[in-house]
Every structure is written in structure tokens, then in C-alpha cells.
């Protein structure tokens, strides 16, 4: 079932991340809320607060010093847990690595190298919140293929809520991916997948659901003629 609002989705995401961390305390996990106009910083701060009870060493990392300073201004009580990617890189270089749960907030392809370095020297789990590390400009050359086969392929989805052209995709670890069809009166569950479905798989599932609806309508029509 799709969450009714953002706060419900955040609660689902927190439960999913907790389950993911319990399953793999050193894994690399993703959390995605792909909504137009979403302010990700408040979401990130609430996720950190929710995880901190079970993971008091958790830290929220921003791509640059400006975003880090803004977060510290907005959440002074959480300031000791807020840092930039470069802050942690300096810490890792001094201490030979880092520990605890790191939540990386919306890094872009421009931050790829720093994210990869931080993850390489981190001994705990990493949660990537609304990250986008693949650069379309890289294309399909050797560099892109090496990134997909290596670092980028190591991430697992803990939670995802993704609007699509015809509905929405949802994944809440450890459950499967779910596809919902958007109808005039709301969203309806359509199909379940072991892995994230691509556009072709989604279209096939939605097409099959459409055929099923048509057959049901025909059955009802025939039954009406008989009565």
C-alpha cells in the first residue's frame, strides 16, 4: 500500500533502514523520495533523529560546507552529528577510517569521487539519501561501465517511493518492489518484482493489468445479458 503522505513515507523508510542495518551493518543502502519540489534537508534531519536512538554515532553528511552550515543553523541540537564529505575525508585520513552510520544527503555526479573515497575508508554502513551518482554525460564508455560494475553496483535499496508516468514504484526492505497503477480514483497495486523493474517490465505489467480489467468488463457484460 502506498503511504498517504510524506510523514507516513518517512516512518516506513525509517523502519526499512533499521531492518536493512540489522541485516547488514556494513552495507551500502539507498533511500529515495523522488518528488518534485521536495525539501530534502528536513527529511534528512528527521531520518537522522530517528536512527540516532539505535545508532548514536550516526552522522549526516552534506556535499559542501554551505549546506552543512545551513543544516547546523536549522538544527543546532544535531550539529555535532552534521558534517560535510570533506570533513569526514579529513577525519579518515587522520584516523585511518571512520565508523558508525553515515547518511549522505543528495550527492550529485560531481561528488562521485568524494563519495567513493568516503565509502572506501568507512567501516560501518552508509545510507545514500536521494543520491544521484551516475552522470549521463559519462555515457556508455569504459569509465561508465567500470563504475556500474564496481562501486555503483554495490548499493542496495532500503526504501524507495518513485512516481512514474503511469503510477508509482515502492520498495520497503525486506519486501519486494511494488508497482502501482494510477487510476482516476487513486492508485492500485499492480505487480510485485524481486528487483527494481525497468520501464519495459513496468509497461508489460501495466499492460497485463489493463487486459485483465478489459476481460473482467466483458465477463460482467456477458453475465448481464444472461440475467
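General observations
- Segment 181-196: number of residues that are modelled with pLDDT under 95, farther than 17 Å from residue 3 by Cβ and either touching a strand residue (DSSP E or B) at 6+ places or on another chain (Cβ under 9 Å) or assigned to a strand (DSSP E or B) (or both): 1
- Scanning segment 28-53 for residues that are at pLDDT 95 or above and touching a strand residue (DSSP E or B) at 6+ places or on another chain (Cβ under 6 Å) yields 28, 29, 30, 31, 32, 33, 44, 48.
- The combined condition, being assigned to a helix (DSSP H, G or I) and surrounded by 15 or more Cβ atoms within 10 Å (Cβ to Cβ), is not fulfilled by residue 2.
- Applying the criterion of at least 1 residues that are over 24 Å from residue 11 (Cα atoms) and touching a helix residue (DSSP H, G or I) at 6+ places or on another chain (Cβ under 8 Å) to the helices (runs of 4 or more DSSP H) found wholly in segment 22-111 leaves 65-74, 85-95.
- Annotation note: of 4, 25, the sole residue that is more than 22 Å from residue 132 (Cβ to Cβ) and in contact (Cβ under 8 Å) with a residue 40 or more places away in the chain is 25.
The values are calculated or read from the model by the stated rules, or taken from the named source; none is laboratory data. Being a predicted model, the structure only gives us computed values, none of them experimental. Heads up, the Cβs are rebuilt from the backbone with ideal geometry, glycines too, and the neighbour counts pull from every protein chain shown.
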